[in-house]
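Down below is the structure, laid out as structure tokens.
The values are calculated or read from the model by the stated rules, or taken from the named source; none is laboratory data. Worth saying up front: this structure is predicted, and the values here are computed from it rather than measured. Glycine gets a Cβ as well: all are built from the backbone with ideal geometry, and neighbour counts include every protein chain shown.
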Amino acid sequence: MESSDKLLEGVIPIIPTPFTENEAIDEGALRRLVDFSCSCGVAAACLPAYASEFYKLTDDEKLQVVKIAVDQAKGRIKIVAQSNHPSLKSAIKLAQANVANGADVVSLAVPRIFSLPEDSLKEYLSGFLAAIPDTPVLIQDFNPGGSSISAPFIKKLNEAHPNFKYLKLEEPLCAPKFENIIHVTEGKVGLFEGWGGLYMLELVPIGIAGVMPGLAVADILQKVFLLRRKGETDKAFSLFEKVMPQIFFSLQNMELFHYAEKELLKARGVLTNSIARKAAYIPDASSVKYISELNERVMTLVKSL
């Protein structure tokens, strides 16, 4: 298994899970999504995460989508296999199967169904990291009910488990925390910003490794990331400002995001429907119209690049 501090960098899009009319996984559509990911100029793609509706998939389906993605990517991009489960035993089983199926990196969300003290989280994450010691791991923390894991916690976890290579945080006003994490870990943990890449222009100068947005605008955000990193500030802002309304509106609700994301991928010729598994958000007529307008503006931008 390849292991490098530079394995993941830049934009790492989340591949959505496509479904047929009867809500079965659409393998052909998933292969097209992987091909689209490979065309975006990115180094890797991730699935099945929150933006992949992982919480609506069976464990077998979670493994299925990763296996298909690895097979279709054929080494063109790295595949980050999300192995989320609130049960440590089940999460390890998923991770080990994903590694056996060829995933390059394994990702895990901190269990946040109920509030847990950091000692409990440390036991859970340490057990997971120890179970796949030769595989780079990306830990994701999305905690709407409170703060994410602390910088001292992250430092100790990385010291105990060197395969803890990456951390994805999804929270506003996180620049000081990101700076602190980079300082205390001496840059050994690559930081990724989630939440659609909404805060990326603030965080790129701080030294983040990248962002993990939805797939539909990944090629655009990769250009923004590289421009900002090179110091071409005006160009980066100008490009980002054109996609920000679509990102901001869709992220008001995770289920709304699924609809908006898949509608944009339809407009880009990758998907043929925007079906999400039930329970799914049913947008009202005004939201449908507005999302269509936002997506049309993104399409105009894509055609101009």
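General remarks:
- Taken across segment 249-262, residues that are at pLDDT 95 or above and under 19 Å from Asp35 (Cα atoms) do occur, with at least one present.
- Where Asn163 falls short, out of the listed (1) closer than 30 Å to Tyr290 by Cβ; (2) of a type in the set (S, T, N, Q); (3) surrounded by 16 or more Cβ atoms within 10 Å (Cβ to Cβ): (1)
- Within segment 133-183, if we keep just the residues that are touching a residue at least 40 places away in the same chain (Cβ under 8 Å) and over 16 Å from the mean Cα position of the chain (by Cα), the residue that is nearest to Ile206 (Cα to Cα) turns out to be Asn163.
- Residue match in segment 275-286 (condition: within 21 Å of the chain's Cα centre (by Cα), surrounded by 21 or more Cβ atoms within 10 Å (Cβ to Cβ) and assigned to a helix (DSSP H, G or I)): no
- Yes/no for Leu129 being closer than 21 Å to Lys156 by Cβ, surrounded by fewer than 18 Cβ atoms within 10 Å (Cβ to Cβ), hydrophobic (A, V, I, L, M, F, W, C) and over 17 Å from the mean Cα position of the chain (by Cα): no
- For first residues located in segment 198-209 and under 17 Å from Lys223 (Cβ atoms) and touching a residue at least 24 places away in the same chain (Cβ under 8 Å), partners that are in a loop (DSSP other than H, G, I, E, B) and polar (S, T, N, Q) and lie 6+ apart or on another chain with Cβ distances below 8 Å do not occur.
- Failed criterion for Ala24 (all others in (1) buried (at least 16 other Cβ atoms within 10 Å of the Cβ); (2) of a type in the set (A, V, I, L, M, F, W, C); (3) over 15 Å from Gly214 (Cβ atoms); (4) out of contact with any strand residue (DSSP E or B) (no Cβ under 7 Å at 6 or more places or on another chain) hold): (1)
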